[in-house]
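Visitor: Okay, handing you the structure first.
Just so it is clear, none of the values below were taken in a lab; they were calculated from the coordinates. Keep in mind the model is a prediction, meaning the values are calculated, not measured. Heads up, the Cβs are rebuilt from the backbone with ideal geometry, glycines too, and the neighbour counts pull from every protein chain shown.
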2 protein chains.
Amino acid sequence: MTTREMHDRMANAIRFLSMDAVEKANSGHPGLPMGAADIATVLFTRFLSYDPHSPNWADRDRFVLSAGHGSMLLYSLLYLTGYEDIDLDQIKNFRQLGWRTAGHPEWGHAAGIETTTGPLGQGLANSVGMALAERILNARFGDDLVDHHTYVLAGDGCLMEGISQEGISLAGHLKLNKLVVIWDDNNISIDGAISLSDSTDQCKRFEASGWNTLRIDGHDPEAIADALDAAKKSDRPTLIAAKTTIGFGAPSKAGTNKVHGSPLGAEEISGARKALGWDSEPFVVPSDVLDAWRVAGLRAAKERREWEKRLAAADAETRGEFERRMRGDLPEGFDQAIIDYKKKLSEDKPKVATRKSSEMALEVINAVVPETIGGSADLTGSNNTKTSQTNPIKPGDYTGRYVYYGIREHGMAAAMNGLTLHGGIIPYGGTFLTFSDYARPSMRLASLMGIRSIFVMTHDSIGLGEDGPTHQPVEHLAALRAIPNHNVMRPADAVEAAECWQIALESTKTPSTLALTRQNLPALRVQHTAENLCAKGAYELAPASKDAQVSIFATGSEVEIAVAARAELEKRGIATRVVSVPCFELFEAQSAEYRAGIIGKAPVRMAIEAGIRQGWDAIIGSDGLFVGMNGFGASGRIEDLYKHFGITAEAAVAAVEKRLTKA
Amino acid sequence: MTTREMHDRMANAIRFLSMDAVEKANSGHPGLPMGAADIATVLFTRFLSYDPHSPNWADRDRFVLSAGHGSMLLYSLLYLTGYEDIDLDQIKNFRQLGWRTAGHPEWGHAAGIETTTGPLGQGLANSVGMALAERILNARFGDDLVDHHTYVLAGDGCLMEGISQEGISLAGHLKLNKLVVIWDDNNISIDGAISLSDSTDQCKRFEASGWNTLRIDGHDPEAIADALDAAKKSDRPTLIAAKTTIGFGAPSKAGTNKVHGSPLGAEEISGARKALGWDSEPFVVPSDVLDAWRVAGLRAAKERREWEKRLAAADAETRGEFERRMRGDLPEGFDQAIIDYKKKLSEDKPKVATRKSSEMALEVINAVVPETIGGSADLTGSNNTKTSQTNPIKPGDYTGRYVYYGIREHGMAAAMNGLTLHGGIIPYGGTFLTFSDYARPSMRLASLMGIRSIFVMTHDSIGLGEDGPTHQPVEHLAALRAIPNHNVMRPADAVEAAECWQIALESTKTPSTLALTRQNLPALRVQHTAENLCAKGAYELAPASKDAQVSIFATGSEVEIAVAARAELEKRGIATRVVSVPCFELFEAQSAEYRAGIIGKAPVRMAIEAGIRQGWDAIIGSDGLFVGMNGFGASGRIEDLYKHFGITAEAAVAAVEKRLTKA
């Protein structure tokens, strides 16, 4: 049992490491680490199950610092408890280029950082996915292998962001009782007192979504411990509203917004040293305090070893399957299943929407990849994300494989990231492509982290018809392609859909978005290839009859138009080839030779895509012909719309002829 | 007083027009109009102040159909009450190309549509801005001229979207008691019962944010009326939870998700005709029912005329100012104030961050344009959005001109759209450019509607430094440029910042985003011009000493780098010009001649921008040189980052020399 005095000194170690690091960097956020140090100390010394020497232990408790600007809290904890990745040099080089201790916690920089946070509310919503992953894997592998908690430290900003409501209401609905959110209730945001902009009773709000709530003094270690004890016994997720003083210990700035996001300055830090009785030099933690922290870091080592024994004692199949899933490897036989399925497709030649061919591919995938967890933001029948294998996950029953995420695109994407980050699960979730805008901040974080979240975005153009311009994506392909490390794939038929799914599942370090049609499309890939042609991003679908005068590049539903235009141009004696471009990002990653070969030397290059031109110039050149959209869509029947906006084979042929006449 | 029987028949008129229109279109959402018909009938016949014959009456009550998929409810009401824009032909051509009755209500298609809805939650969040606009204008012009309510019909989807929490908590905090949200509580979403995905106690949730709440039977006209009466007396915003049956009247499908988003089919409609005792042919409203509706439409005409008398009786200055604001015209003297200010800048040559020069411009603007309402999503000191003229708006005191929006980027953008749509106000609001992702769905709607919302996005590149890649926009300029009808402006110095602000204020049909730096930039426009050079999107800032070998295009903070590179290249005998490109969209709108002249004929074209390349090929060609980002940023000092990512004058010079050597 830690004495109160030792608790205080251990918490002060966090406070001074944070103050000193921010001061040295001349940049950063000391207020939160100082205010939340007591909470973190109790959590990390008495509750959290983790092992700094085996940081990726699958059954560890997860800790998510949703208020990511308080990164020095986390770095201090990782250093103090003995994580190798974060030594004192890392702390001293806080926020410097090339060091692990980035301004905000970056997943992948160091073990112990469970997710990238900073954009507010994201960590909280990730944690819903993590807590759900725990329950799903528990349902499959039992208490012996999966039985842990997810703890979140969230700030006022996290709770004000709308995404928090999506996460809270989903977690409450699903009764994720092993999720514990501690709200650093310090009454301060950047602009000043919270009362400038909010007067929400947060406990009441959480209770409205089925949460257990507790209010405590966030500087009272026993109150913190009692609350965490109570939270662990709850049958519902728990919010602990912990009243704290931001910048606790700073003599003149504590409790104000001055301590939030700037170095305190030498004088204030010196005052804090006096006020808190801390006489160590900057970055020096007294050895007895550091020892106490290191001992705390060893607390769960025995628990971890016992877990390893249980894993070792499990039957070989269970152990193998658990380890495979946690490694993120796909099951053996996955590739062959896709190849067999593609072969069948090349015979069947189905004329279906790519949202349907996505479902057909998923039916194959979900049969051989048990770790996929599907879902949709209340568009299940439209996104075609549910297959015969995916029973619903329900409150208290996590044996299913399908999440009814509700009308919560943003919360869905963030929860999916949490499912992925937890390990053992490959999540995919659907909405309309236009609503990728709602989910975008989380989709970006998936890219930044480099994780396998798979976004199924149907109704991918004006082709959705009557719902009109609010629902018709025109700029979304370009906007998503703009995100680094994000494979935006737009298959042209059922074979390409299968290949895109294969790529998405095999891309362990890149999230994917599949853009899929509402309308039916013909089979275009009728020659079976075992090779995944989409994996090169672009490939020649139809060659020209002789030296090509025209190269037409197209994606998804417009490949059909390109093929029709080619037929007509060839009929008129104009040698034309068609290149299908299912994924810009993968095409860019190819060798210069491959790219040059695919782009080709035809004097006329044209792109056809029912979206805006932005991005296409890299392939067709700024003098290339473009058949697509240059503004918002309209409400109407699909055939009227394609004609109205001039996205037809006739328009393509006319544009080529005009260009050839001019030349 | 309408009898219950007449009420029912009037409500049934909405139901059958909706059923018939969806059936004829073979597309659409009959469930909501049928379920909410009683609510709408009571609201439009007994409460809402509006005049179909003077639909833009400034002091009308606003009605927002946040659940925009129920568009036939609104179109039915507009037709029945006698709005000229929506006649029976419009109803019969529901969802057809070229007609006003789009799949979702489109602002600008017809009077009476107060905002574009469909993306869920947006209308609700718009309404917060509308209700706030009413209070702000009331504070300025008094009860005589501004005294109306804002009514919203929202569905479960609106309430599940995170944006609703941002709107609800802001409205509750600001005590917008003339805002009344009626929740069509029908227990059904697309996937099925709401219980699949949510179990939130919505009344409790709204109460947690300071709302008055009432629960009623949404099919009981007197209960609806009593609730609306009570709402009008509330000192807080009111939620009326109205329990309804989706698809009320459909014999076998009512109360299920089958009635939500598809035509009912002939048999079901025939059954509904029997069940509801409606024997009219499709699209025919019995004349006594239509008469009753038309009489209801005349209800407020007298009130409107009295208001006009009060306006006419107001002193000339007040009247003139009110009318000017409602027209959206800028005050006389605005242009001259900008010109004078630019002249001063060309003398002062301030070296400041563009976020600061934006503030300086706003200081000038806010002094002459009293209708600007500033704000920030809790980054006031970072976004530099507050000037000496803008006192805070507080709960119950709306005399100020600044909104502390809280950490609610999405809610802010949607509320800004509501402020704009209400009329009489020009809103601008700030956050970091990277968080434009959070606000994006509302920013898109501003573009789709073509309204003057002005987004102030600071910390616009890796130049923000230590906060790292979560906070560093790299793809955001490209992603925002992708949105049609959206002026993304990135000024290079204080003069350009002033010009960009002038453009933003003068663009009444296009929203603007200003991308602004955290770091200081030198004055580059030192020759005063009265002409707004930024208005052409791109202009030659520095000519080459002779026929240019190199054209360098740059924006914002990288124009300084371009100018330095030019100096070095010229020193080495390589004639180089620099083109500043503050706005792609405006440049695209110029004549082909102007564009060709600005792009020029230099054999080497280079762009410098601390973002991704996407979009630049249109200016520099796919073989142009690009100095910028090709992935996410990093946490570090600005000088380290620019060097690390190779965005320097030296790197630019080296790339040019390499290209020239090769050629």
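Visitor: Can you tell me the orientation of helix B:122-141 relative to chain B, as the angle in degrees between its alpha-carbon axis and the longest Cα principal axis, to the nearest 10?
Guide: 90
Visitor: Take each of the peptides B:516-524, A:218-226, average the number of other beta-carbon atoms within 10 Å over its residues, and list them starting from the highest.
Guide: B:516-524, A:218-226
Visitor: Okay, moving on. By its C-alpha gyration tensor, with a ≥ b ≥ c as the square roots of the eigenvalues, how is chain A shaped: rounded for a/c under 1.5, else prolate for a/b larger than b/c, else oblate?
Guide: Because a/c hits 1.5 or more and a/b exceeds b/c, chain A counts as prolate.
Visitor: Sorted by packing (mean other beta-carbon atoms within 10 Å per residue), highest first, where do A:229-235, A:352-358 land?
Guide: Averaged packing, sorted descending, gives the order A:352-358, A:229-235.
Visitor: As I understand it, the dipole of chain B uses +1 on the Cβ of Lys and Arg and -1 on the Cβ of Asp and Glu, about the Cα centre. Which of B:591, B:202, B:529 lies farthest toward its positive end?
Guide: Toward the positive end, the furthest listed residue is B:529.
Visitor: Can you give the FRET efficiency to the nearest 0.05 for residue A:601 and residue B:593, using r as the Cβ-Cβ distance and R₀ = 30 Å?
Guide: The pair residue A:601/residue B:593 has a calculated efficiency of 0.45.
Visitor: Something else now. Within the range B:578-630, list the chymotrypsin sites (Phe, Trp or Tyr not before Pro) lying in a DSSP loop whose Cβ has at most 14 other Cβ atoms in a 10 Å radius.
Guide: Answer by residue number: there is no such site.
Visitor: Still on this structure: If the convex hull of the alpha-carbon atoms of the range B:537-661 is projected onto planes in all directions, what is the mean projected area in square nanometres?
Guide: Orientation-averaged projected area of the Cα hull: 7.4 nm².
Visitor: Set Lys and Arg Cβ to +1 and Asp and Glu Cβ to -1, take the dipole of chain A about its Cα centre, and tell me which of A:545, A:621, A:78 lies farthest positive.
Guide: Value: A:545.
Visitor: Defining the label point at 7 Å along Cα→Cβ, can you sort the distances from residue A:84 to the same site in each other copy, shortest first, in nm?
Guide: 7.9
Visitor: Determine which lysines satisfy two conditions relative to residue B:92: a Cα distance under 21 Å, and not lying fewer than 8 residues away in the same chain.
Guide: B:24
Visitor: If Rh is defined by the Kirkwood formula over all Cα pairs and Rg also comes from Cα, what ratio Rg/Rh do you get for the range B:525-585?
Guide: 0.98
Visitor: Quick one: helix B:266-276 against the long Cα principal axis of chain B, what's the angle to the nearest 10°, folded into 0 to 90?
Guide: 50
Visitor: Which three extents, in angstrom, do the Cα atoms of the range B:1-64 have along their principal axes, listed largest first?
Guide: 37, 28, 18
Visitor: Indicate, rounded to the nearest 5 percent, the antiparallel portion of the DSSP beta bridges found entirely in the range A:537-661.
Guide: So the antiparallel bridges amount to about 20 percent of the total.
Visitor: Moving on to the next point. Would you mind calculating the relative contact order of the range B:167-273 from Cα pairs under 8 angstrom and at least 6 residues apart, reporting the percent as a whole number?
Guide: Over the range B:167-273, the number comes to 34 percent.
Visitor: A further question follows. About the Cα centre of chain A, how large is the charge dipole given +1 on each Lys and Arg Cβ and -1 on each Asp and Glu Cβ? Please answer in debye to the nearest 20.
Guide: The calculated dipole for chain A is roughly 1100 debye.
Visitor: As I understand it, the value is the acute angle between the Cα axis of helix A:649-662 and the longest principal axis of the Cα atoms of chain A; what does it come to in degrees, rounded to 10?
Guide: 70
Visitor: For the range A:4-304, calculate the relative contact order in percent as a whole number, restricting contacts to Cα pairs under 8 Å that are 6 or more residues apart.
Guide: Over the range A:4-304, the number comes to 25 percent.
Visitor: Please name which of A:439, A:357, A:377 has its Cα lying farthest along the dipole of the range A:333-515 towards the positive end, using unit charges on Cβ (Lys, Arg +1; Asp, Glu -1) and the Cα centre as origin.
Guide: The residue sitting most towards the positive pole is A:439.
Visitor: While we're looking at this one, here's another question. Taking amide H positions as placed 1.01 Å from N in the peptide plane, with prolines and chain starts having none, which residues 5 or more places from residue A:215, or on another chain, fall under 5 Å of its amide H?
Guide: Residues meeting the criterion, in which the H sits 1.01 Å from N, are A:241.
Visitor: Using Cα pairs closer than 8 Å and at least 6 residues apart in sequence, work out the relative contact order for chain A, in percent.
Guide: 12 percent.
Visitor: Could you run the Karplus curve 6.51 cos²θ - 1.76 cosθ + 1.60 with θ = phi - 60° over the range A:231-236 and give me ³J(HN,Hα) per residue in whole Hz, x for Gly and Pro?
Guide: Once θ is set to phi - 60°, the couplings for the range A:231-236 become 4, 5, 8, 6, 8, 10 Hz.
Visitor: Above 15 Å lies some portion of the pair distances; for the range A:233-281, what is it as a whole percent of all C-alpha pairs?
Guide: 54
Visitor: From the alpha carbon gyration tensor of the range B:445-514, can you work out the equivalent ellipsoid semi-axes (sqrt of 5 times each eigenvalue) and give them in Å, largest to smallest?
Guide: 23, 16, 8
Visitor: Which value in Å does the Kirkwood hydrodynamic radius of the range A:298-372 take, with 1/r averaged over all unlike C-alpha pairs and then inverted?
Guide: That comes to 15.3 Å for the range A:298-372.
Visitor: Shifting gears a bit: Nearest 20 debye, what's the magnitude of the dipole of the range A:537-661 about its Cα centre given +1 on Lys and Arg Cβ and -1 on Asp and Glu Cβ?
Guide: The dipole magnitude comes to about 320 debye.
Visitor: So the label point sits 7 Å from Cα along the Cα-to-Cβ vector; using that for residue A:571, what distances do you get to the other copies, in nanometres, sorted shortest first?
Guide: Listed shortest first, these distances are 6.4 nm.
Visitor: Count neighbours as other Cβ atoms within 10 Å of each site's Cβ, and list the trypsin sites (Lys or Arg not before Pro) in the range B:436-509 that are DSSP loop with at most 14 such neighbours.
Guide: B:509
Visitor: Now for a different question. Quick one: what are the phi-derived ³J(HN,Hα) couplings along the range A:412-426, Karplus 6.51/-1.76/1.60 with θ = phi - 60°, whole Hz, x for glycine and proline?
Guide: 4, 4, 5, 5, 4, 4, x, 4, 5, 5, 4, x, x, 9, 10
Visitor: In nm to one decimal, list the spacings between the residue A:650 label point and its equivalents in the other copies, with label points set 7 Å along Cα to Cβ, shortest first.
Guide: Once sorted, the set of distances for residue A:650 reads 6.0 nm.
Visitor: Through the Karplus equation 6.51 cos²θ - 1.76 cosθ + 1.60, θ set to phi - 60°, convert the phi angles of the range A:540-547 into ³J(HN,Hα) values in whole Hz; use x for Gly and Pro.
Guide: 6, 8, 9, x, 7, 6, 8, 3
Visitor: Still on this structure: What lysines does residue A:356 reach when the alpha-carbon gap must be under 25 Å and sequence neighbours fewer than 8 apart in one chain are set aside?
Guide: Hits, sequence-local ones excluded: A:342, A:343, A:344, A:386, A:536, A:643, B:258.
Visitor: Rounded to the nearest 500 deg cm²/dmol, what is the calculated helix-only ellipticity per residue at 222 nm for chain B, with -39500 (n - 2.57) per DSSP H run of length n ≥ 4?
Guide: Theoretical 222 nm ellipticity from helices: -13000 deg cm²/dmol.
Visitor: Give the separation of the Cα centroids, the range A:485-536 to the range B:170-243, in Å.
Guide: Result: 44 Å between the Cα centres.
Visitor: Averaged over peptide B:579-591, how many Cβ atoms belonging to another chain are found within 10 Å of each residue's Cβ?
Guide: For peptide B:579-591, the averaged partner shielding equals 0.
Visitor: When a/c reaches 1.5 or more, the comparison of a/b and b/c decides; with that in mind, is the range B:469-592 rounded, prolate or oblate per its Cα gyration tensor?
Guide: prolate
Visitor: So what are the radius of gyration and Dmax for the Cα set of the protein assembly as shown, in Å?
Guide: In order Rg, Dmax, the Cα atoms of the protein assembly as shown give 30.5, 91 Å.
Visitor: While we're on this one: Of all trypsin sites (Lys or Arg not before Pro) in the range A:580-652, which ones are in loop regions per DSSP and have a Cβ with at most 10 other Cβ atoms within 10 Å?
Guide: Passing both the DSSP loop test and the Cβ count: A:601.
Visitor: Okay, next question. Where does each of A:273-282, B:202-211 land if you order them by average Cβ count within 10 Å, highest first?
Guide: So the peptides A:273-282, B:202-211, ranked by packing, come out B:202-211, A:273-282.
Visitor: Among all the lysines, which ones have a C-alpha under 16 Å from residue A:253's C-alpha, if same-chain residues fewer than 8 places away are not counted?
Guide: Straight-distance partners of residue A:253: A:274.
Visitor: Rg and Dmax of the range A:313-456, Cα atoms, in Å?
Guide: Rg then Dmax for the range A:313-456, in Å: 15.8, 50.
Visitor: Could I ask something else about it? Where Rh is the Kirkwood radius over the Cα pairs of the range A:4-304, the temperature 4 °C and the viscosity 1.567 mPa s, what D in µm²/s does Stokes-Einstein return?
Guide: D = 68 µm²/s.
Visitor: Would you tell me the mean number of C-beta atoms belonging to other protein chains that fall within 10 Å of each C-beta in A:459-472, as a whole number?
Guide: Mean shielding count: 5.
Visitor: For the range B:4-304, what is the charge dipole size about the Cα centre, in debye to the nearest 20, if Lys and Arg each add +1 at the Cβ and Asp and Glu each add -1 at the Cβ?
Guide: So the magnitude is around 240 debye.
Visitor: What does the average come to when, for each residue of peptide A:154-161, you count the partner chain Cβ atoms lying within 10 Å of its Cβ?
Guide: Averaged over the peptide's residues, the number is 5.
Visitor: State the antiparallel share, in %, of DSSP beta bridges confined to the range B:456-581, rounding to the nearest 5.
Guide: Once the DSSP bridges in the range B:456-581 are tallied, antiparallel ones form about 25 percent.
Visitor: Would you calculate the separation in nanometres between label points at residue A:139 and residue B:643, each defined as 7 Å from the Cα along the Cα-to-beta-carbon direction?
Guide: 5.4
Visitor: Within chain A, what percent of beta bridges assigned by DSSP are antiparallel, to the nearest 5?
Guide: Percent antiparallel among DSSP bridges in chain A is about 15.
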